[in-house]
2 protein chains.
Amino acid sequence: MSGLMLPKGFKTAGVACGIKKDGKKDLALIVSEPASEAAGVYTKNIVKGHSLKWTMNSIKGNKIKAVVINSGNANACVGARGDSDAERIAEIAAELAGCSKNQVLLGSTGVIGFPLPVENIEHGLHEAWPQLSTDRSTDAASAIMTTDTYPKEVSFSFSLSGKNVTLYGMAKGSGMIHPNMATMIGVFLTDAAISSEMLQKAITETVNRSFNRISVDGDTSVCDMVIILANGEAGNEKITKVCDDYNTFADVFGKAAVTLSKMLVKDGEGATKLIEIHVKNAPDNETAHKISSSIAKSPLVKTAMFGQDANWGRIITAAGYSGAEFNPDSVDILIGDLLVCKDGIGLNFDEDKALEILKKDEIRITVDLKMGDAEDTMWTCDFSYDYVKINGSYRT
Amino acid sequence: MSGLMLPKGFKTAGVACGIKKDGKKDLALIVSEPASEAAGVYTKNIVKGHSLKWTMNSIKGNKIKAVVINSGNANACVGARGDSDAERIAEIAAELAGCSKNQVLLGSTGVIGFPLPVENIEHGLHEAWPQLSTDRSTDAASAIMTTDTYPKEVSFSFSLSGKNVTLYGMAKGSGMIHPNMATMIGVFLTDAAISSEMLQKAITETVNRSFNRISVDGDTSVCDMVIILANGEAGNEKITKVCDDYNTFADVFGKAAVTLSKMLVKDGEGATKLIEIHVKNAPDNETAHKISSSIAKSPLVKTAMFGQDANWGRIITAAGYSGAEFNPDSVDILIGDLLVCKDGIGLNFDEDKALEILKKDEIRITVDLKMGDAEDTMWTCDFSYDYVKINGSYRT
């Protein structure tokens, strides 16, 4: 037995079907009984993987019975064959689950440009089917990983109209994690009763303040998605509009998504530190976000954090080229709670104190623009030798 | 004796005045006799260094007699003191050169947020003055370096209205090299007779197709500038409008700037390879540039090149998230002359041939959109372990 508590009506399995050369788990299967309302958000990359395109089409107007996700191969940029491979996999899963192929969602993550080994996946699905279980979610969470070093899961229990509700989430990331979805897959399962419209609203808002606020290396990938399935088994009064229950649900969903997002950043390729970039007192949200995002993506800031170097000059530099309008002569910068730059001027701060802060696993950088009351937070990680090592030889 | 040929009327010197802790040269002095017409382009970062701001003001309407550039300290983000320090340095140089302080241009590059040691610079200028020479340009080119591993200079001789003209250029870069000027200083000197208006036109166009087309890590800095001085000593008919002589001058200037740009990229922090990204058959220049720039900045593409991995999936991914509109199903990608992706579909290409291409010091990546006839070229370098090493502990 392994894994967190799944919501009622869901079972998962994860097996190794031979896509990954090292024999690790590479195929996850999730089944919902009864079929679920579903919603998703997808990469904004204009190149989109074939499995992803299948999911984007099938999720519209269909209740979802099964989700199949493989790692090790992105099923992207392989032409018409990629689309027919996706359809074939959906058919196999549909046959096992006793549903139509359009009730099956797919995800693929891994290397681009190689056809999927569909036979392996077929064998894998037949192997996974009898293993479906309510208490082995970690098998599935492991099977969706690429360069992640550990599976990432969360679950929360809460109450809606007097009924006990569970929300479970798994995610994979590592490298390429960046706003607009990156090489990132997130799957949330809940037994709440909620309409697909409200589910879509909740997932759009949630992703915007969690997965779209993390950056590992600024690259965004072609196969990435966050989906949520809700099968109603909790028996709560169905949420069909914005109401107290909706707000409770959205809060928990947000908490789960932010928790997973931080786990993704901490496990970024070669990451040794989680860095939170908080821009405050901005004139508007867009300005705050431009600056937080520019700092979060700066290789020079990220290498300085790795080197435990309180080089705030790189922070103000990244703010300055972000495209945001602000007054550089009124900017304060804090590393942890140490003020290192006041009104755009460097302070003669205590280097020992700075080093103490920078040695920690989690570092908070605050940029105070003193212009208004808008704010934005991004999470990123440092750039280490291992980032280069991992990414210099990923494909081969 | 060292250095390339300087144009008539220019002398240079470079000394160590103690800003750099390791005792290396850190102060360059350039003098023009007679005073020069001048033009410049500057960082677009909204945070601007104090020396840079001095130069942006002084260059307007003044004939330039001297240029003083220090490395090791950016004279940025130190408040009003940074402005008065800049003025003081200009005064010292003006006294030596017998001109007004507004005929002195300044440049500073290095760490942000620490006041300049003006006394060191004063001593340094007095030491440099008697060393001014027509054949020691490399001393000056060395004194402007920060993490560059070697000084970068070019010179060209050509003919304008029957007179022999020389154009000399020096540049420093390394790290943070990126469009919109980055931590990059370029100084061009010529004895051509040309109006400041035509000089401004030439430098704006030239920088746009050279220094603004290189990317090392996507960061752009607060102190960077390219300037050109023209003292007219060649005795050619003064260029005051677009004409054959102007075109000849602009061509040579462009060639010099592209040569220096490629040298900057090759010497990027930790760089082992020069990568040329060529996007062709785009519907318009902006689309071509968005794509070339996105690929040039992608850490995943850059680490793949370091690892000699023909991972074209990362190239099409970076194109896809560039924000440009194109049809992914008509894209061809070549690494060197090897077609690896045709019509958006990966080919089963010869991996040995790919490795042979990727082992070389210079790699050309071509992305053919097959949509129109616009094109764009960017130059970048790979990301290596040494990039992280150099940037993890720069300030301390």
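Computed quantities for the displayed model
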{"item": "One residue from B:Ser293, B:Ser261 being assigned to a helix (DSSP H, G or I), at pLDDT below 95, within 13 Å of B:Trp379 (Cβ to Cβ) and assigned by TED's automatic domain parsing to the domain that holds B:Thr317", "result": "B:Ser293"}
{"item": "Residue check, A:Val226 surrounded by fewer than 24 Cβ atoms within 10 Å (Cβ to Cβ) and β-branched (Val, Ile, Thr)", "result": "no"}
{"item": "Selection from the stretch B:97-143 of residues that are in contact with a helix residue (DSSP H, G or I) (Cβ under 6 Å, 6 or more places away or on another chain) and in a helix (DSSP H, G or I)", "result": "B:Lys101, B:Asn102, B:Val118, B:Ile121, B:Glu122, B:Leu125, B:Trp129"}
{"item": "Scope the stretch B:59-84; condition assigned to a strand (DSSP E or B) and either closer than 19 Å to B:Cys99 by Cα or without any contact (Cβ under 8 Å) to a residue 12 or more places away in the chain (or both); matching residues", "result": "B:Ile64, B:Lys65, B:Ala66, B:Val67, B:Val68, B:Ile69"}
{"item": "Among (1) free of Cβ contacts under 8 Å to residues at least 12 places away in the same chain; (2) in a strand (DSSP E or B), the one test that B:Val279 misses", "result": "(1)"}
{"item": "Residue check for A:Ile144: surrounded by 19 or more Cβ atoms within 10 Å (Cβ to Cβ) and either within 15 Å of the chain's Cα centre (by Cα) or more than 30 Å from A:Thr259 (Cβ to Cβ) (or both)", "result": "yes"}
{"item": "B:Ala296 vs. criteria in contact (Cβ under 8 Å) with a residue 60 or more places away in the chain and either crowded, with 24+ Cβ neighbours inside 10 Å or closer than 28 Å to B:Val68 by Cβ (or both)", "result": "yes"}
{"item": "Counted residues, the stretch B:338-349 - those being outside any strand (DSSP E or B) and without any contact (Cβ under 8 Å) to a residue 12 or more places away in the chain", "result": "2"}
{"item": "Unmet criterion (only one of (1) surrounded by fewer than 23 Cβ atoms within 10 Å (Cβ to Cβ); (2) in the same structural domain as B:Asp224 (by TED's automatic domain parsing); (3) part of a loop (DSSP other than H, G, I, E, B)) for B:Met5", "result": "(2)"}
{"item": "Matching option when the condition is in a loop (DSSP other than H, G, I, E, B) and within 14 Å of chain B (Cβ to nearest Cβ), among A:Lys48, A:Lys25, A:Lys20", "result": "A:Lys48"}
{"item": "Residue match in the stretch A:306-320 (condition: under 26 Å from A:Met145 (Cα atoms) and within 14 Å of chain B (Cβ to nearest Cβ))", "result": "yes"}
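So that you can scan it fast, the table gives a plain yes or no per residue for (1) closer than 21 Å to B:Ile89 by Cβ; (2) over 23 Å from the mean Cα position of the chain (by Cα); (3) modelled with pLDDT of 95 or more; (4) surrounded by fewer than 19 Cβ atoms within 10 Å (Cβ to Cβ):
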position	(1), (2), (3), (4)
B:Val118	yes, yes, yes, yes
B:Gly124	yes, yes, yes, no
B:Ser133	no, yes, yes, yes
B:Thr138	no, no, yes, no
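The values are calculated or read from the model by the stated rules, or taken from the named source; none is laboratory data. Just so it is clear, the model here is predicted, and its values are computed rather than measured. Please note: Cβ atoms are built from the backbone with ideal geometry, for glycine as well, and neighbour counts cover all protein chains shown.
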